Structures are given as structure tokens and as C-alpha cells.
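*Asks:* Just passing along the structure, written as C-alpha cells.
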Amino acid sequence: MASLHLSFCQLAGNRPPSHRSGRLPVRCADERQALFNRIAPVYDNLNDLLSLVQHRVWKRMAVSWSGAKIGDNVLDLCCGSGDLAFLMSEKVGPAGQVIGLDFSKEQLLIASSRQHSRPKACYKNIKWVEGDALNLPFPDSYSNAITIGYGLRNVVDKQKAMKEMYRVLRPGSKVSVLDFNKSTNPFTASFQEWMIDTVVVPAASGFGLAKEYRYLNSSIQEFLTGKELEKLALETGFSNARYFEVGGGLMGNLVATR
Amino acid sequence: MVRVSRVLLRDGVGISKTLSEILVCPLSKQPLRVCEESNSLIRDAIGVAYPVSPYIVDGIPCLVPSDGKIIEADDKPKPDDNSMRKDP
């Protein structure tokens, strides 16, 4: 089942829009930020509903692939309401440090609220920062591991985002990038598009968010395939890059090592 | 140092010491200075202040470049007014 994560990209300069089934073109970063602020209150519940809680499994896999371990300083970028940050917190324990970064203040407030309502002592190691994935406020080689879930597809400059993640990673550490899979298999791609049109958008309309989620297909179309993501990582300077398809090919996870 | 400790202990205002020691200016990647009066993180070299949200304990700092505020020359505190200055 498709997970419920919004996706918008910026229409850059004179590049013509490319989208599945003749859908509307993309939007700018400001509109996207406002959109994530708007959906914040229902984001978590809708994710569970539309993926039949499978998104939790994919996120656990993403965290495992990041290589995060006890005592590490780690980052979760485009953290939203904090799903991956909480999982990273459990991995690094009280001796570690997790920073969740997102450009939506509303999502961060929900993440902070969830943190303070949960009893686990290790969650005290999470700090939240409102920031831009293209201009990270962290020093070079700061982090032992990075996760970014359903975020890379939404940034307006994926190359710059990869460069920033490379910069803040310690040599030998990994970034784990989870997102929708832009499949090269026509059957999988068609099924994914059908799922979004038939399940995701109607479900989102129940929350008054059909318009926001209708862009998922065009966003996936504008994203990179697994091979292209591996290539981007290697061109950025990562020493190793591997892409794994999960969720029956609907989702994918890039693991790149600095 | 005592002034900084008082800020960190007040509910709803301020930024954790941990974060203030980690974060850098998103543009210059250089260290930031905590300013208690304005509850912000400042990069003096480029004259920008990034706000810290007062909404919750251990306020959420906003380090989005476009949300940085240009500091007027006469708004800048004197160097010896700041007990957590990290760089000259």
C-alpha cells in the first residue's frame, strides 16, 4: 500500500513540467512549507491508514541501514513529526544525540509534543531544529549517521541536499534515504500510480487534503530512479551507494557511505 | 556564565546548551553566539540573528536562512556583554 507522504518539487526556470497523466505542475518551496504546516495535524494518522502501518516497517529498515549505534550523534533530516527521529533515538540511546531538522514549524511542534508525551528516557536525547536541508546548520563531519525519510523528493535541489549531507557526515558514516520508488518496471509504476489515484487521494479527501496529495504522482515522476540516486551519490563524493527496493517496489531506500 | 544558566533554566525560553554548542550559521557554517536579550543565535560577522522559538521548554531554534534577521549596527551588543561567545 502506498504510504502517505507529500511530495512537491520546484519548477526551475524554463524547464517544462513533466508529470504523469497530464497532472498539474509543481510548486515552490514556500508553498510546500505552508502545505506541510497545514497537514501536520493529520499527518501521522493518515500515514498509518494509507500504508496499513507498513510505513513503520520501512522506517525501521531505513534506520537499520543508517548504521546508527549506541552513543552516536545522528541527524534526521526533513523529520516531520519525528517518526525516524524517535527510532534513531532508541538506536543511539541516552549517551547519543539526535537532532531532527525540518522546515515546518507545525510539524516540529507536533514532534516535540509527541516527545514529551512518551515515557522513554532515551527520547530526552532528541533536539528539534527548524532549518533548511539545503543549508544545514551543522559543522563539517559532525554526524555518525543521517536518515531522511520522504524528504529528498521534496527538496528543490537534490544535488545540493546530497552535498550538504556529505559535508556533515563523518568519513565512513552513512546516509539512509527512504522515499517512494520511481520504478523502471512499467507494471510497478502503473500500480503505484493507480494506488495513489484510487486509494491515497480519496482517503486524503476525507481529511480535506485531496488537492495536496494529488501531486504525489507528478512528484514521483520528477524524482530519480534507484540507479540515478546511486549515481548522484557517487558523483557527490560518497564512496559507496546502494539502492534497495522495499514494499513490493513501491518504496526504495538509498544507502550511501561517505 | 551565571546569566546563561538562568536563561537555560527558565521554562519556555531559551535554547539547550547542547544545541547551542553544535549549531552553526547555515550560510557561513561558522559558530553562533547566543544572545539572551533577543533570544536568538547570532552570527556577528554577517550581521544575522536567528530566532529561538519560545513555545516550549528548550526552544526550537529557527536556522532557515530566509528567517534570519539582519541586525542593525546599533543593535549589536558589545563583545563583553556575552558570556557564551564561541569565537572572537
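*Asks:* When the label point is put 7 Å from the Cα of B:I70 along its Cα-to-beta-carbon vector, which residues of the stretch B:15-53 have a backbone N closer than 19 Å?
*Replies:* B:26-28, B:41-51
*Asks:* How long are the three semi-axes of the equivalent ellipsoid for the stretch A:149-216, computed from the Cα gyration tensor as the root of 5 times each eigenvalue, in whole Å, largest first?
*Replies:* With the √(5λ) rule applied to the stretch A:149-216, the semi-axes are 30, 16, 10 Å.
*Asks:* Could you compute how much accessible surface A:M88 exposes when probed at 1.4 Å, giving the result in Å² to the nearest 10?
*Replies:* 0
*Asks:* Convex hull volume of the Cα atoms in the stretch A:154-258, per residue, in Å³?
*Replies:* 104
*Asks:* Right, next: Note down the accessible area of A:E235, probe 1.4 Å, to the nearest 10 Å².
*Replies:* The accessible area of A:E235 comes to roughly 120 Å².
*Asks:* So how much accessible surface do A and B hide from each other in total, probe 1.4 Å, in square angstrom to the nearest 100? Spell out each step's value before the answer.
*Replies:* Values: alone 10840 and 5530 Å², together 14760 Å².
Result for this pair: about 1600 Å² buried.
*Asks:* How far apart, in nm, are the 7 Å Cα→Cβ label points at A:R118 and B:A45?
*Replies:* 3.7
*Asks:* Under the 0.36 nm per residue contour assumption, what length would be gained going from the current alpha-carbon distance of A:R60 and A:R170 to full extension?
*Replies:* 37.4 nm
*Asks:* Calculate, for the stretch A:170-210, the solvent-accessible area per residue in square angstrom, rolling a 1.4 angstrom probe over the heavy atoms of the protein chains. Write down the numbers at each step before the final one.
*Replies:* Working: 1820 Å² over 41 residues.
With the other protein chains kept in place, the stretch A:170-210 gives 44 Å² per residue.
*Asks:* Let me ask something else about it. Could you pull the accessible area for B:K69 with a 1.4 Å probe, rounded to 10 Å²?
*Replies:* 130
*Asks:* May I pose another question? If you stretched the chain out fully between A:V199 and A:E235, how much longer would it get, using 0.36 nm times the residue separation minus the C-alpha to C-alpha distance?
*Replies:* Here the segment from A:V199 to A:E235 would lengthen by 9.3 nm.
*Asks:* May I ask for the Kirkwood hydrodynamic radius of chain A, worked out over all distinct Cα pairs and given in angstroms to one decimal? Before the final figure, lay out each step's value.
*Replies:* On the way: mean 1/r = 0.0551 Å⁻¹.
It works out to 18.1 Å.
*Asks:* Defining a contact as two alpha carbons under 8 Å apart and six or more residues distant in sequence, what relative contact order in percent does chain A show? Could the numbers behind the result be given before it?
*Replies:* Details: 530 pairs, mean separation 58.7, N = 258.
Relative CO of chain A lands at 23 percent.
*Asks:* Along its principal axes, what span do the Cα atoms of the stretch A:215-258 show, with the longest given first and each in whole Å?
*Replies:* Result for the stretch A:215-258: principal-axis Cα extents of 32, 20, 12 Å.
*Asks:* Also, I was wondering about something else. Run lengths n ≥ 4 of DSSP H only: what is the helix-derived mean residue ellipticity at 222 nm for chain A, with -39500 (n - 2.57) per run over all residues, to the nearest 500?
*Replies:* That comes out to -11500 deg cm²/dmol.
*Asks:* Only bridges whose two residues both fall in chain A count here: according to DSSP, what percent of them are antiparallel, nearest 5? Kindly include the intermediate steps, with their values, before the conclusion.
*Replies:* Values: 15 of 35 bridges.
Here the antiparallel bridges make up roughly 45 percent for chain A.
The values are calculated or read from the model by the stated rules, or taken from the named source; none is laboratory data. Keep in mind it's a predicted model, so treat the numbers as computed, not measured. So basically every Cβ, Gly included, is an ideal-geometry build from the backbone, and we count neighbours across all protein chains shown. Quick note on the areas: whole protein, heavy atoms, side chains included, nothing else; ligands and nucleic acids left out. Shrake-Rupley method; radii C 1.70, N 1.55, O 1.52, S 1.80 Å.
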